Amino acid sequence: MSNIIEQPRFSCALGAQQTVVAIKRAVPVLHSGPGCSGKVSSLIGQGEGYAGGNTIPCTNASESEIVFGGEQKLRSVIDGAFKVIDADLYVVLTGCTSDIVGDDIGTIVSDYQKAGRPIVGVETGGFKSNNYISHELVANAIIDQYVDKLNESIKIEKGLVNVFATIPYQDPYWNGNLEEIKRILEGIGLKVNILFGNESNGIDEWKTIPNAQFNIVVSNWVGLKIAKHLEEKYGTPYYHFPYLPIGGVETSKFLREVGNFGELDENKVEAFIKKEEEKFYSFIERTADFMLEFRYGLPRKFYTILDSNYSIGFSKFLLNELGIIPGKQYVVEDTPEEFKSAIIKEFNKISEYRSAEVKFSVDGGEIQDDIRKGEHKNRALILGSSWERDLAKDIGADLLIISPPVAYRLVLNCGYAGYNGGLRAIEDIYNIVLNTYR
């Protein structure tokens, strides 16, 4: 049996550098070997942020640091970062070499914190976990080492919520998704700390995390540790929606459940939903003639090769709103065992009348071989990564790239969450289909 994993869809724990990059005016400072950061950026980058990509300060630990330790070099790099990069927050992340050697970054960072510097330290040696896990570690470290020290007294603000919904850059469409989630939550009367991306107020927004009336987790499992930590630390309750809401049905369900949890004005919630649904379904109605005319040339079956958040969300949307039948669904984020049963349960009830078979795998080659072995009598749709390009060609399927690595398209503010995301998904799917008619 081979120990080689072909085509992984996530990075090592150091991938949490992208979590930091996604915070306005925040800078990751890496204590790692040369090349580690570049490999992360090449897989899940596509955007440098304020100080990402080649701008990220790094100790570039070499043989000397491995033999004699790299603490002094780390101090030198931190000092240089303070001088050269004007930022609101600096987050020190470790790589494999420094974690194996045992450099004490906690003491180093603590010295700067005592001097009043806005700096946080997190051990993210690549061998310890992947970037799904380290995303939560970094968020909790910022809360504990920075946010908490600025809040001597907590003042709960009614209607204020913190949202933990997607991993920046690991989700290539994170910025657009967060913008839409913030828009619809504000539409039902909430004030939203979205924390990452263009719609966030950066560090000033993070500082108000303890003041939230409640927290919202829009993900199957990533973000739950953050929400539970905040519940233990500040007593903040949280609402959990276990997948990305896409389209009219699931977005309205999400908003109603949030409204009930937060005891919001039901009339205001329903008025917003009514307005958004009318707009959403008016666009769907315009496609009726197209769907009828091309019904034999449209995808009849779909496969997802995505993380659980996207896989469940798209499965519900494609089946219940577009009428495309699910094939086997592949969950690729190396899901912790304790969350697998909940994911399977979601696939067992993706509609009132249908379920979908789910397989957990981190091996892209294994997944593609599994799909190739199946029958392909009807046209299929694959939602996966750039690595599925050859698979789609081989079985005559259409491919929508959702998961990293993303090649063959540029992502700016595209997103698939919410009402607007559902419309964008329909456009993208059928544009790909129509492009095959020449």
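The numbers here are math on the coordinates, done by the rules we state, and not lab data. Because the structure is a prediction, the values reported are computed rather than measured. Please note: Cβ atoms are built from the backbone with ideal geometry, for glycine as well, and neighbour counts cover all protein chains shown.
Only Cα pairs under 8 Å and at least 6 apart count here; give the relative contact order of region 157-279 as a rounded whole percent. Dividing the mean separation by the residue count of region 157-279 yields 26 percent.
Summary: within the chain, the longest segment free of chymotrypsin sites (Phe, Trp or Tyr not before Pro) located in DSSP loops with at most 14 other C-beta atoms within 10 Å is 128-293. Summary value for the chain: 17 percent relative contact order, contacts being C-alpha pairs under 8 angstrom separated by 6+ residues. Rank 342, 397, 417 by mean-square fluctuation in a GNM of the chain with C-alpha springs under 10 angstrom and give only the top-ranked residue. Comparing 342, 397, 417 in the GNM, the peak value goes to 342.
Taking amide hydrogens as placed 1.01 Å from N in the peptide plane, the amide H of residue 120 sits under 5 Å from those of 90, 91, 92, each at least 5 positions away in sequence or on another chain. Derived value for region 157-279: Kirkwood hydrodynamic radius 14.5 Å. Basis is the mean of 1/r over every pair of different alpha-carbon atoms.
Just to check I understand the Karplus step: with θ = phi - 60° and J = 6.51 cos²θ - 1.76 cosθ + 1.60, what whole-Hz values come out for region 210-215, glycine and proline as x? Calculated HN-Hα couplings, in order: x, 8, 5, 5, 7, 10 Hz. Residues whose amide H comes within less than 5 Å of that of residue 360, counting only those at least five positions distant or on another chain, are 331 (H built at 1.01 Å from N in the peptide plane). In the structure shown, the pairs 301/393; 191/316; 301/328 are assessed against 20 Å; a Cα-Cα span above that value is assigned to 191/316.
Near residue 325, the amide H atoms lying under 5 Å from its own belong to 301, 302; only residues 5 or more places off or on other chains count, and H is placed 1.01 Å from N.
On full extension, the segment bounded by residue 191 and residue 114 gains 24.4 nm, given 0.36 nm per residue less the C-alpha separation. On the beta carbon distance between residue 85 and residue 289, with R0 = 56 Å, the FRET formula returns roughly 0.50. Here the Gaussian network model covers the chain, with springs between Cα atoms less than 10 Å apart; of 228, 377, 316, 377 fluctuates the most.
Within region 189-206, whose backbone N sits under 13 Å from a point 7 Å along Cα→Cβ of residue 268? Under cut-off, by backbone N: 189-192.
When Rg and Dmax are taken over the Cα atoms of the chain, they come to 22.3, 71 Å.
The lysines within cross-link reach of residue 128, meaning a Cα-to-Cα straight distance under 18 Å and a gap of 8 or more places when in the same chain, are 39, 225.
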